[in-house]
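Notes follow the structure.
The values are calculated or read from the model by the stated rules, or taken from the named source; none is laboratory data. It should be emphasised that the depicted structure is a prediction, and the values quoted were computed from it without experimental measurement. Positions of Cβ are generated from backbone atoms using ideal geometry, with glycine treated the same way; all protein chains shown enter the neighbour counts. For the accessible areas, the whole protein counts, side chains as well, though only heavy atoms, and no ligand, DNA or RNA atoms are used. Shrake-Rupley method; radii C 1.70, N 1.55, O 1.52, S 1.80 Å.
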Amino acid sequence: MEPRAGVSKQDIRGQIWDYMEAQNLADFPRPVHHRIPNFKGSYLACQNIKDLEIFARTQEVKVDPDKPLEGIRLLALQSKKTLLVPTPRLRTGLFNKITPPPGATKDILRKCATSQGVRNYSTPVGLDSRVLVDLVVVGSVAVSEKGWRIGKGEGYADLEYAMMVSMGAVSQGTPVVTVVHDCQVVDIPETLLEEHDLTVDYILTPTRVIATGCERPKPTGIVWSKISCEMMGRMPVLRSLRCREERAGKDVTLRDTRRPLPSLESGSVQGEDVPSCTVYVGNLPRDARVSELKRALSARGAAPSRLTWQGPQRRAFLHYREPAEAWQAISRLQGFCLGANTAKVALARQQGASGPAGGRAGEPHPDP
């Protein structure tokens, strides 16, 4: 199938999705519209990665959580490679490391490779972790033999790659692989590509292994002018990366800098948009003691350098030295319980001099 002339990325996506459904090439989950489409034969296509010498040399591989890539996640685990999978919509960090239980059987490994397994058998990887990804595997809606790629339109694969560049986890020489049905390999006009678009080096289909020989440079980092304040609010990990790059003297001007940053689930976002070094912990038990909280934080590997206890308000503020430490603590405190209560955990923001009545200037502040 070939796209019509003068089409947009969305036109190509629509044509691919419609064709796969009409020809009954799609597999669960259906319909494939607005997804990285799963297809009949995806497992066979994934097996072709064993024909790539780069896979044999790989020690650490990042594989997107899309259903058609399940076979590659399984092969990585069976080959005892370190498997990293991006967190859903990047809301709780960049990626998780899939850690099967000791002595995992083949059936357990298969479960670890599924989306449910990713949730149940993973641990968060902080920005300060020493990660060096040897191979990146992404899903696609359409791809050309030249290596041009079109995703489902939300930009997560492109952003994940850019974030990995920013944290030094990948380089221009890190190969990128995608897995698609043969009908998804189409001509894509180069004019549709933008500077932030990720290209691919290898395409795996049920019938072919295509080396694209793509020479177009991959993204060299986050293009902050394409990042909105809304995205910063949804993805706290972006805040830490932005703070790092600002300190390094890079231009980190956002797309809509005149708009205030939106609030996180807990923790106020007021005034400046620089990441906080303070973590808000709320919904603590009424009878909780500060010593009990400190022990629990230490057990989670999230002990702060300083702690502000506000027991009557059932909350505390954890102060860290760096924004990256604060974010790592948030990752480690996902699902954190004290007693019978599941705590609310989020970045806290400095309220500033114009804070609400009753709040002192400069102190961290949770949502009302």
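Site pair residue 332 and residue 30 shows an inter-label distance of 4.7 nm when each label is modelled 7 Å from Cα along Cα→Cβ.
With both labels modelled 7 Å from their Cα along Cα-to-Cβ, the residue 289 to residue 308 distance reads 2.5 nm. Beta bridges from DSSP with both residues in the chain: antiparallel share about 70 percent, rounded to the nearest 5.
Between 282, 339, 155, the GNM of the chain built on Cα springs shorter than 10 angstrom shows 339 fluctuating the most.
Where Lys and Arg each count +1 and Asp and Glu each count -1, what net charge lies around residue 289 among other residues with Cβ under 15 Å from its Cβ? Working shown, then result.
Working: positive: 286, 294, 295, 314, 315; negative: 287, 292.
Counting the neighbours of residue 289, the net charge comes to +3.
Mean residue ellipticity at 222 nm, helices only, the chain: -7500 deg cm²/dmol; runs of at least 4 DSSP H residues each add -39,500 (n - 2.57), and the sum is divided by the number of residues.
As an exercise, use a Förster radius of 35 Å and the Cβ-Cβ distance of residue 23 and residue 123 to find the FRET efficiency, rounded to the nearest 0.05.
E between residue 23 and residue 123, to the nearest 0.05, is 0.30.
Distances between placed amide hydrogens fall under 5 Å for residue 95 paired with 87, 125, all partners being 5 or more residues away or on another chain. Counting Lys +1, Arg +1, Asp -1, Glu -1, what net charge surrounds residue 335 among other residues with beta carbon under 12 Å of its beta carbon? Surrounding charge for residue 335 is +4. Annotation: amide H of residue 135 within the under-5 Å range of 60, 62, sequence separation 5 or more or interchain, hydrogens built in the peptide plane.
From most to least packed by mean Cβ count within 10 Å, the peptides 235-241, 35-41 give 235-241, 35-41. Per-residue Karplus couplings for region 209-221, computed as 6.51 cos²θ - 1.76 cosθ + 1.60 with θ equal to phi - 60°, are listed in order as 10, 10, 8, 6, x, 5, 9, 5, x, 7, x, 9, x Hz, Gly and Pro entered as x.
Listed values for region 306-322 are Karplus-derived 3J(HN,Hα) couplings in whole Hz (6.51 cos²θ - 1.76 cosθ + 1.60, θ = phi - 60°), namely 8, 10, 9, 9, 10, x, x, 8, 6, 8, 8, 10, 9, 9, 10, 7, 10, and x replaces Gly and Pro.
Applying the Karplus relation 6.51 cos²θ - 1.76 cosθ + 1.60 with θ = phi - 60° to region 195-202 yields 3J(HN,Hα) values of 4, 8, 6, 7, 9, 10, 9, 9 Hz, where x marks Gly and Pro.
Shown here for region 188-227: GluC sites (Glu not before Pro) in loop regions (DSSP other than H, G, I, E, B) with at most 15 other Cβ atoms within 10 Å, namely 194, 195, 215. Summary value for the chain: 14 percent relative contact order, contacts being C-alpha pairs under 8 angstrom separated by 6+ residues. Between residue 187 and residue 223, the contour length at 0.36 nm per residue exceeds the Cα-Cα span by 10.3 nm.
Using the Cβ-Cβ distance between residue 78 and residue 255 with R0 = 56 Å, the FRET efficiency computed as 1/(1 + (r/R0)^6) comes to roughly 0.85. Overall, the accessible surface of the chain at a probe of 1.4 angstrom is composed of carbon and sulfur to the extent of 47 percent.
A crude spin-label estimate for the pair residue 106 and residue 215, with each label 7 Å from Cα along the Cβ direction, gives 4.6 nm.
The mean accessible area for residues of the chain, using a 1.4 Å probe and ignoring ligands and nucleic acids, is 47 Å² per residue. Around the amide H of residue 142, modelled in the peptide plane, lie the amide H atoms of 150, all under 5 Å away and 5 or more residues distant in sequence or on another chain.
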